[in-house]
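Structure first, commentary second.
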Amino acid sequence: MKLSLKLATALTVILASAITPIKPSFSQVPIRDLQRTQGLTITGVVTAVFGNEFVVDDGTGQILVEAGPPWYHQIRINQGEAVTVVGEYDDDDFDAFTITRQDGTVLNIRPASGPPPWAGGPKRQSDRRANFPPIQ
């Protein structure tokens, strides 16, 4: 009995030390596969714009990209523009962390971890604005 307990304990320690946390992959993913992947980069053409939301088409599908509320910043993306967006798939849309325009300009939308700087609404975001300023 003592040998079984020692063996089980040793096996538990070995297995626990072999497990490493999995970090999200920031790799290029076709839009049709977004439901199966997190920590993503998508590239495509903007087919429609609705304020700070826009639709990206990569030839395999389309997705609505959200880039924060218009009271926080205005991103001014244009229909027909090629973009690369780093973000996360969330509730049937794509929350942007960064947007790279076809000319190479990078728009930093929000940090990849933690709440966005606009969390809590316009009256509560002033303390976060200093750490992650809005796009001008």
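The values are calculated or read from the model by the stated rules, or taken from the named source; none is laboratory data. Not measured: the values here are computed from a predicted model. Neighbour counts are summed over all protein chains in view; Cβ atoms, including those assigned to glycine, are modelled from backbone coordinates with ideal geometry.
A quick yes/no check of all residues on (1) touching a Gly at 6+ places or on another chain (Cβ under 9 Å); (2) aliphatic (A, V, I, L, M):
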| residue | (1), (2) |
| --- | --- |
| Leu40 | yes, yes |
| Gly51 | no, no |
| Val56 | yes, yes |
| Gly59 | yes, no |
| Val65 | yes, yes |
| Trp71 | yes, no |
| Asp93 | no, no |
| Val106 | no, yes |
| Pro111 | no, no |
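Does Thr60 satisfy the criteria of being out of contact with any strand residue (DSSP E or B) (no Cβ under 7 Å at 6 or more places or on another chain) and modelled with pLDDT under 90? Explain how you work it out, then say what you get.
Details: out of contact with any strand residue (DSSP E or B) (no Cβ under 7 Å at 6 or more places or on another chain): yes; modelled with pLDDT under 90: no.
Criteria not met by Thr60.
Scanning segment 88-106 for residues that are closer than 14 Å to Val49 by Cβ and surrounded by fewer than 20 Cβ atoms within 10 Å (Cβ to Cβ) yields a single hit, Arg101.
Output the residues belonging to segment 50-103 that are aromatic (Phe, Trp, Tyr) and under 19 Å from Val29 (Cα atoms). Write out each step before concluding.
Step one: filter segment 50-103 for residues aromatic (Phe, Trp, Tyr), giving 50, 54, 71-72, 89, 94, 97.
Hits for segment 50-103 are Phe54, Tyr89, Phe94, Phe97.
Residue by residue through segment 88-127, note down the ones that are of a type in the set (A, V, I, L, M, F, W, C) and part of a loop (DSSP other than H, G, I, E, B). Those that are of a type in the set (A, V, I, L, M, F, W, C) and part of a loop (DSSP other than H, G, I, E, B): Ile109, Ala112, Trp118, Ala119.
The condition (being modelled with pLDDT of 90 or more, over 16 Å from the mean Cα position of the chain (by Cα), assigned to a strand (DSSP E or B) and buried (at least 16 other Cβ atoms within 10 Å of the Cβ)) is satisfied by just one residue among Val46, Val85, Val55: Val46.
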